[in-house]
Amino acid sequence: MKEIEIKSVLQVYDSYDELPEDIQKLMKQSMMIRDKAYAPYSEFLVGAALLLENGEIILGNNQENACYPSGLCAERTAIYYAGANFPNVSITTMALTAKSLKHKLLTPTPPCGACRQAIAEYEVKQNLPITIYFMGETGKVVKSFSLSNILPLVFDNSYL
């Protein structure tokens with residue numbers, strides 16, 4: 001038997017104001033689209049802003065329906081739109097923010113498991129890391145240089 005240690009390296013900013021100016025702008029767009037999310041059941045709003053290598057910014061927010069939980073998360077809404085409309089353009093950066101209508105969310109909120117798998121698919125497809133910034137409504141912001149930091153044992157097409 002052998003033991004394997006997996007290490008994730010993340011950067012933590014104390015607040016939105018510490019982010020580089022270009023990332024502040026991207027995060028501001030994710031906040032704006034977050035507040036337009038359709039989440040009447042969970043009352044948990046999420047916004048995603050993706051920066052493509054061509055400078056295009058793609059926005060997405062979570063979309064729920066009465067057949068809860070068959071809606072779609074913000075990250076997948078945005079990433080699938082990018083894949084459909086810009087299939088050969090790499091995603092370089094994602095800015096994600098979440099807000100609860102039930103309480104103030106101060107904890108940086110990473111993508112759910114399903115979204116991590118979707119992001120992994122595009123990171124593998126483009127053979128380039130996607131930098132991910134995520135935060136709650138306010139407070140600390142976490143930066144991951146690649147999806148592999150938050151999903152180290154990724155399931156990809158090499159297993160099929």
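Here are some notes:
- Rolling a 1.4 angstrom probe over the stretch 1-92 with all protein chains present gives an accessible area of which 52% lies on carbon and sulfur atoms.
- Normalising by residue count, the stretch 66-160 has a Cα convex hull of 122 Å³ per residue.
- Euclidean distance between Cα centres, the stretch 115-160 to the stretch 1-54, Å: 11 Å
- Per residue, the convex hull spanned by the Cα atoms of the chain amounts to 142 cubic angstrom.
- Note on LYS140: lysines with a C-alpha under 23 Å away, same-chain residues under 8 apart excluded, are LYS7, LYS25, LYS28, LYS36, LYS99, LYS102, LYS104.
- Around ASP14: net Lys/Arg minus Asp/Glu count, Cβ-Cβ under 14 Å: 0
- Cα-based radius of gyration of the stretch 30-94 once divided by 2.2 N^0.38 Å, which approximates compact folds: 1.14
The values are calculated or read from the model by the stated rules, or taken from the named source; none is laboratory data. No experiment lies behind these values; they were computed from the predicted model shown. Glycine also receives a Cβ, built like all others from the backbone with ideal geometry; neighbour counts cover every protein chain displayed. The protein model used for the area step is the full one, side chains on, heavy atoms only, and it has no ligands, DNA or RNA in it. Shrake-Rupley method; radii C 1.70, N 1.55, O 1.52, S 1.80 Å.
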